[in-house]
Amino acid sequence: LEVKSGENSGVIRAQNKWVAPDGTVTCTSEETLRVYARPANERLFDFDVTLKAGDKEVVLGDTKEGAMGIRVAETMRSKANKHNAGKPAGQIVLSSGVTGDDTWGKRAEWCDYYGPAGGKTLGVAIFDHPKNPRHPTWWHVRNYGLFAANPFGLHDFEKKPAGAGNMNIAPNQSVTFRYRFYMHEGDEKQGRVAERYKEYASEK
């Protein structure tokens, strides 16, 4: 729909059809990727997605396997492996102050994962926007590098009945999710992650 560059940011906006095996379009999505011009030691981009149901209700199912996520570099993992000389080097931190393996399945405004990469300590944070459904989100984040914000996995995260995390989109209605990725040098304090989150939360 749009590809645009600029002095402060560039944007790619696309629309997609979600097509079932029988050819039925179950819903559509509009996705916006916005990349910002930042100092050399930072990277910053937003990913917004709006899902719109067609003539039938759409159910986003209860699962811990999702939803907005990445994998961190193997050297950054907080679990010992051959890429970090057999010593746990990375760390996971939530905005709530919870760290390490205890972060899995917990709710927080943001999560930061940092560790050694390319001779430096580097980190990446994912921000959950305050207007997102079920904010603050749960975090499906693991010591082997999996890192995802997940508002759906209540069955696993909260030990609730199967399907408790289902999110229904009524016919012809929509739901929007907004996330920011912030890549920085140092740990979450050196990277001023909490401050950057406040800036994001106040923008829109």
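Overall, the anisotropy analysis places the range 134-174 in the oblate class: the square-rooted eigenvalues a ≥ b ≥ c of its C-alpha gyration tensor yield a/c not less than 1.5, with a/b not exceeding b/c. When Trp104, Trp110 are compared by accessible surface with a 1.4 Å probe, the order from highest to lowest is Trp104, Trp110. Atom-type composition of the exposed protein surface of the chain places 50 percent of the accessible area on carbon and sulfur (1.4 angstrom probe).
Counting alpha carbon pairs within less than 8 Å and at least 6 residues apart, what relative contact order, in whole percent, applies to the range 1-67? Computed over the range 1-67, the figure is 24 percent. Relative contact order of the chain: 24 percent, from C-alpha pairs under 8 Å at least 6 residues apart in sequence.
Calculate the FRET efficiency for Glu185 and Leu146 from the Cβ-Cβ distance with a Förster distance of 25 Å, rounded to the nearest 0.05.
Efficiency computed from Cβ-Cβ geometry: 0.65.
For the range 118-204, the relative contact order comes to 40 percent (Cα pairs under 8 Å, sequence separation of at least 6). Given a 10 angstrom Cα cut-off, can you work out which residue in Thr32, Thr24, Thr50 is the most mobile in a GNM of the chain? Of Thr32, Thr24, Thr50, the most mobile in the Gaussian network model is Thr24. Per residue, the solvent-accessible area of the chain (1.4 Å probe, heavy atoms of protein chains only, all protein chains present) comes to 53 Å².
Using a probe of 1.4 Å, the accessible surface attributed to His135 totals some 50 Å² when neighbouring protein chains are kept in position.
For a modelled paramagnetic label at Asp101, 7 Å from Cα along Cα-to-Cβ, the residues of the range 122-160 in reach, with backbone nitrogen under 13 Å, are 142-144.
Using protein chains only and a probe of 1.4 angstrom, how many square angstrom of Glu195 are accessible, to the nearest 10? Taking all protein chains as shown, Glu195 has close to 80 Å². With the simple spin-label model, which puts each label point 7 Å out from Cα in the Cβ direction, the Lys131 to Glu7 separation comes to 2.7 nm.
On the basis of the beta-carbon distance and an R0 of 25 Å, Asn168 and Glu203 show a calculated FRET efficiency of 0.30. For the chain, modelled as a GNM with alpha-carbon contacts under 10 angstrom, which of Asp101, Asp22, Asp187 fluctuates the most? Ranking Asp101, Asp22, Asp187 by mean-square fluctuation puts Asp22 first. The separation of the range 1-75 from the range 155-171, counted between C-alpha centres, amounts to 22 Å.
Summing charges over all other residues whose Cβ lies under 9 Å from the Cβ of Asp62, with Lys and Arg as +1 and Asp and Glu as -1, gives +1. Using a probe of 1.4 Å, the accessible surface attributed to Thr75 totals some 50 Å² when neighbouring protein chains are kept in position. Tell me whether the chain comes out rounded, prolate or oblate; compute the Cα gyration tensor, take square roots of the eigenvalues as a ≥ b ≥ c, and use a/c under 1.5 as the rounded threshold. Oblate is the answer for the chain, as a/c is 1.5 or above yet b/c matches or exceeds a/b.
Classify the range 118-204 as rounded, prolate or oblate, taking a ≥ b ≥ c as the square roots of the eigenvalues of its Cα gyration tensor: rounded when a/c is under 1.5, otherwise prolate if a/b is larger than b/c and oblate if not. Verdict is oblate for the range 118-204. Projecting the Cα atoms of Gly97, Ile169, Val141 onto the dipole axis of the range 70-182, where Lys and Arg carry +1 and Asp and Glu carry -1 at the beta carbon, places Val141 farthest toward the positive end.
The values are calculated or read from the model by the stated rules, or taken from the named source; none is laboratory data. Values in this document were obtained by computation on a predicted structure and should not be read as measured data. Virtual Cβ from ideal backbone geometry, glycine too; neighbours counted across all protein chains shown. SASA here: full protein model, heavy atoms, side chains in, ligands and nucleic acids out. Shrake-Rupley method; radii C 1.70, N 1.55, O 1.52, S 1.80 Å.
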